[in-house]
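Read through the structure below, which is laid out as structure tokens, and then see the notes.
The values are calculated or read from the model by the stated rules, or taken from the named source; none is laboratory data. Since the model is a prediction, treat every value here as computed from it, not as a measurement. When we count neighbours, we look across all protein chains shown, and the Cβ atoms used for this are built from the backbone with ideal geometry, even at glycine. Note: areas computed on protein heavy atoms with side chains; ligands, DNA, RNA excluded. Shrake-Rupley method; radii C 1.70, N 1.55, O 1.52, S 1.80 Å.
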Amino acid sequence: MGEFDSIQKWPMYPKYTFTLLDQRDQFTDRKDINVIFEPQIITRPSADRQLGKGARRFVLQEDIRDSSYCKDDVVFLKFEVALKQAPSGFFKV
């Protein structure tokens, strides 16, 4: 449970976007890798530990090690979160 859980609106309906940024010098040649993960619902935490949420198979480390996604042993990840409205007719928790 977090310090600010009491001021959040629960349940949440998030949309997560993970982006692995391509670091090619030519901007027009870049091909970022995007994965969108949309869990149906996230309820208010009720214990100190919660199950993880995310894109477990986003990209394999071996696939990016010697590629334009890893430059000078550095990778850049962009993570976006958008909160959606509850689906119409969806029950309240």
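Here is how the numbers come out for the structure above:
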item	result
Rounded to the nearest 10 Å², the accessible area of residue 6 at probe 1.4 Å	90
Neighbourhood net charge (15 Å Cβ-Cβ; Lys/Arg +1, Asp/Glu -1) for residue 67	-4
At R0 = 35 Å, FRET efficiency that the Cβ-Cβ distance of residue 3 and residue 26 yields, to 0.05	0.20
Extension reserve of the residue 72-residue 47 stretch, reckoned as 0.36 nm per residue once the Cα distance is removed	5.0 nm
Protein-only accessible surface order, largest first, of 58, 4 at 1.4 Å	4, 58
